[in-house]
Amino acid sequence: MALIDTYRRNVTRKRDEIAKLTSEKAKEKNKIAKARTKIDSANSAIGHTKNTSTIKSKLRDISNAEKDITAAEKKISELENKLSKAEKDLAEEQKKVEREEEKIHKQRIKEEEKIAERNTEANF
């Protein structure tokens, strides 16, 4: 029974890892959305002003937001790779659990057959 418990713990751990990675991915997507909002706001401000200092400042803001987007997209890509691996590992661990459950089931059937056979022999 200990082996199946280990496999089940591994499944739980992989599910937790997938949930954590999914949460991190959502945070990165939120960063992208905020950066795009900053870009839109800066573009709007540029359209409404003629002050060169303000325009330069807003262009810097846009540049920084674009860098943030690039960094977040890179992080999302890394997280997707980790998610893919974790999902593959989860599937493997689930197969191990299923195989072990089948093995235990077969052992129980054999034991029940032996007990039934002993009972039949004892009755004769």
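A short reminder: the numbers here are calculations on the coordinates, not readings from a lab. The structure presented is a predicted model; accordingly, all values stated were derived computationally and were not measured. Because the Cβ atoms are built from the backbone with ideal geometry, glycine has one as well, and the counts that use them run over all protein chains shown.
One residue alone among Arg36, Arg9 is basic (Lys, Arg) and surrounded by 14 or more Cβ atoms within 10 Å (Cβ to Cβ), and that residue is Arg36. Going residue by residue through the stretch 115-124, is there one that turns out to be surrounded by 11 or more Cβ atoms within 10 Å (Cβ to Cβ) and without any contact (Cβ under 8 Å) to a residue 60 or more places away in the chain? No, because not a single residue in the stretch 115-124 is surrounded by 11 or more Cβ atoms within 10 Å (Cβ to Cβ) and without any contact (Cβ under 8 Å) to a residue 60 or more places away in the chain.
The set of residues from the stretch 44-70 being without any contact (Cβ under 8 Å) to a residue 24 or more places away in the chain, within 30 Å of Thr22 (Cα to Cα) and of a type in the set (Gly, Ala, Ser) comprises just one member, Ser63.
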